[in-house]
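Accompanying notes for the structure given below.
The values are calculated or read from the model by the stated rules, or taken from the named source; none is laboratory data. Just so we're clear, the structure is a prediction, and the values are computed from it rather than from any experiment. In this analysis, Cβ positions are derived from the backbone assuming ideal geometry, glycine residues included, and neighbour counts consider all displayed protein chains.
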Amino acid sequence: MLNFGLIGRRRSDPLAALIAQLFGNAEQGAFYIPRPIVNGVQSLFQDSAGTVPVTADGDPGGKMLDQSPNSINASQSVSAERPVYTLANGLDFLLFDEVDDRMLFPFIAGDADNFVFSIAVTPEVAIDSNPRYFGLVGTGINLQCGYINDSGIIFTRVANTTYNTGSEVVLGNTYVISHIVQNGIPSIRINAVNKNFSAGGDPTANSFFSNTGVLGAGYESTSNKLQGKIHAALFRYGSITESQLSDIDTYFASVAGVTL
Amino acid sequence: MTTQYQQRATIATPLAHIPDANQLALRLGESAADDQTFTAASYQDASGNLYAVASTVTKPIFAEMAGQPLQAPDHAPDMDLAAATRAQALLQINGGIASPDVIAVILGDRLESAQDHIAALGLTPIPQDTP
């Protein structure tokens, strides 16, 4: 029988299914997988113009294509600020050096009361209580970002308030962390578990990037940059279901080697 | 496939030499944006002198070009060669800790960490307030 073994037996693609689930109704946001080829398409490049493909462990990452339909690509035009694509133990990630590495993408305005920023990350260092930023999406007081301090406390900033967990994270381990706002109410989810958290200070946002999203940093020109690995990241405006959050957890855990 | 980026360079530029060092970075780097390599002086030495630090993986040609007469690259034909040449004269590669009179570089294997390089330069980050 012709086509035996092909018709009806195509493997389901969990990434494509997740993208369709999260962005299938024209939701705003972006989805980053730091892997040279994603779904058969070159998706990571050494330069910010996207002309030199990343082909090997150790190449710098200058442009990372958005896997959502929104084409909010992340890039870095300064050579020294490009993280390093790394393939280790079968896992792909961008390695950020804490000194100057960061990937930037355009700020996209949206419903700040309904938002998720998820990241699969291995934070390796946070020194002298200086927090290290995973990333930042937003501007001014409508700022959503995630960071960690040296006590393993995860912070999230929503609107003009900081929220923080207890000591949840061991530096050097890998986690799937989601910073969630639904109907204006924030929550923090680590490895598929919603964590208790408390409201903190009332910070200003003057020294943060303006009109720019960031992976691997938070401030524009100071320290507080990430030393560690980013395996996957997404942000998305709109309400989100528990089932969708669970699917993000599952997929991000799979690409980051995390056991939920 | 093996990467061409076999080395890591970590460069400490004294505050006063940042403009010239950015022109040198424009020459030795691969992007027209590399004149923004050194920005904030967010590291200090034991005496409190301030430095802007950059760390990146590099191709071996980085070290070769650092010792040669400079020419403007295709990606920056209008760069300030005089400024870059002034910075080049201050380069001190694997020569020890940073000081205000040199642009100190630690050049090592690509798998070496930027933090080890910064320690070898005798620098520490300037503490930032928790936001």
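Which is touching an Asp or Glu at 6+ places or on another chain (Cβ under 6 Å) and closer than 17 Å to B:Leu90 by Cβ, of B:Ala16, B:Ala9, B:Ala25?
Working: B:Ala16 fails: touching an Asp or Glu at 6+ places or on another chain (Cβ under 6 Å); B:Ala9 fails: touching an Asp or Glu at 6+ places or on another chain (Cβ under 6 Å).
After applying the criteria, what remains is B:Ala25.
Within region A:164-183, the set of residues being over 24 Å from A:Phe31 (Cβ atoms) and either of a type outside the set (Val, Ile, Thr) or touching a helix residue (DSSP H, G or I) at 6+ places or on another chain (Cβ under 9 Å) (or both) comprises A:Asn164, A:Gly166, A:Ser167, A:Glu168, A:Leu171, A:Gly172.
Looking for something assigned to a loop (DSSP other than H, G, I, E, B), more than 12 Å from B:Ile11 (Cβ to Cβ) and within 14 Å of another protein chain (Cβ to nearest Cβ) - is there at least one such residue anywhere in region B:89-107? Checking region B:89-107: not a single residue is assigned to a loop (DSSP other than H, G, I, E, B), more than 12 Å from B:Ile11 (Cβ to Cβ) and within 14 Å of another protein chain (Cβ to nearest Cβ).
With respect to A:Gln144, determine if the residue is within 19 Å of A:Ala112 (Cβ to Cβ) and at pLDDT below 75.
Working: within 19 Å of A:Ala112 (Cβ to Cβ): yes; at pLDDT below 75: yes.
Spelling it out, A:Gln144 is indeed within 19 Å of A:Ala112 (Cβ to Cβ) and at pLDDT below 75.
Quick check: is even one residue across region A:64-75 without any contact (Cβ under 8 Å) to a residue 60 or more places away in the chain, of a type outside the set (A, V, I, L, M, F, W, C), more than 21 Å from A:Leu18 (Cα to Cα) and outside any strand (DSSP E or B)? No, that holds for no residue. Only one entry of A:Thr55, A:Thr51 meets the criterion of being farther than 23 Å from A:Leu226 by Cβ, within 10 Å of chain B (Cβ to nearest Cβ) and in a loop (DSSP other than H, G, I, E, B), and that entry is A:Thr55.
Any idea which residue in region B:44-95 is surrounded by the fewest Cβ atoms within 10 Å (Cβ to Cβ), counting only those that are charged (D, E, K, R) and within 16 Å of A:Ser79 (Cα to Cα)? By that ranking, first place goes to B:Asp74. The set of residues in region B:108-128 that are more than 22 Å from B:Asp20 (Cβ to Cβ) and either acidic (Asp, Glu) or not in a loop (DSSP other than H, G, I, E, B) (or both) comprises B:Gly108, B:Asp109, B:Glu112, B:Ala114, B:Gln115, B:Asp116, B:Ala119, B:Ala120, B:Thr124, B:Pro125.
When region B:30-43 is examined, which residues are found to be facing chain A (nearest Cβ under 7 Å), out of contact with any strand residue (DSSP E or B) (no Cβ under 8 Å at 6 or more places or on another chain) and surrounded by fewer than 24 Cβ atoms within 10 Å (Cβ to Cβ)?
Here is the first cut: in region B:30-43, the ones facing chain A (nearest Cβ under 7 Å) are B:30-31, B:33-34, B:36-37, B:39-40, B:42.
Then drop every residue that is not out of contact with any strand residue (DSSP E or B) (no Cβ under 8 Å at 6 or more places or on another chain), which leaves B:30-31, B:33-34, B:36.
Of everything in region B:30-43, those that are facing chain A (nearest Cβ under 7 Å), out of contact with any strand residue (DSSP E or B) (no Cβ under 8 Å at 6 or more places or on another chain) and surrounded by fewer than 24 Cβ atoms within 10 Å (Cβ to Cβ) turn out to be B:Glu30, B:Ala33, B:Gln36.
Only a single item in (1) within 12 Å of the chain's Cα centre (by Cα); (2) of a type outside the set (Ser, Thr, Tyr); (3) assigned to a helix (DSSP H, G or I); (4) more than 10 Å from every other protein chain (Cβ to nearest Cβ) is not met by B:Leu26, and it is number (4).
Can you find a residue in region B:51-70 that is within 14 Å of chain A (Cβ to nearest Cβ), modelled with pLDDT of 95 or more and part of a loop (DSSP other than H, G, I, E, B)? No: region B:51-70 contains no residue that is within 14 Å of chain A (Cβ to nearest Cβ), modelled with pLDDT of 95 or more and part of a loop (DSSP other than H, G, I, E, B). Scan region A:33-48 for residues that are part of a loop (DSSP other than H, G, I, E, B), of a type outside the set (S, T, N, Q) and surrounded by fewer than 18 Cβ atoms within 10 Å (Cβ to Cβ) and the total you get is 1.
Note on region B:6-30: residues that are modelled with pLDDT of 95 or more and in contact with a Ser or Thr (Cβ under 7 Å, 6 or more places away or on another chain) amount to 7.
With respect to (1) closer than 24 Å to B:Ala21 by Cα; (2) touching an Asp or Glu at 6+ places or on another chain (Cβ under 7 Å); (3) away from chain B (no Cβ under 12 Å), the lone exception for A:Ser79 is condition (3). A count restricted to region B:1-13 and to residues that are in contact with a strand residue (DSSP E or B) (Cβ under 6 Å, 6 or more places away or on another chain) and either within 9 Å of chain A (Cβ to nearest Cβ) or surrounded by 22 or more Cβ atoms within 10 Å (Cβ to Cβ) (or both) stands at 7. The single condition among (1) under 27 Å from B:Ala76 (Cβ atoms); (2) modelled with pLDDT under 95 that A:Asn73 does not satisfy is (2).
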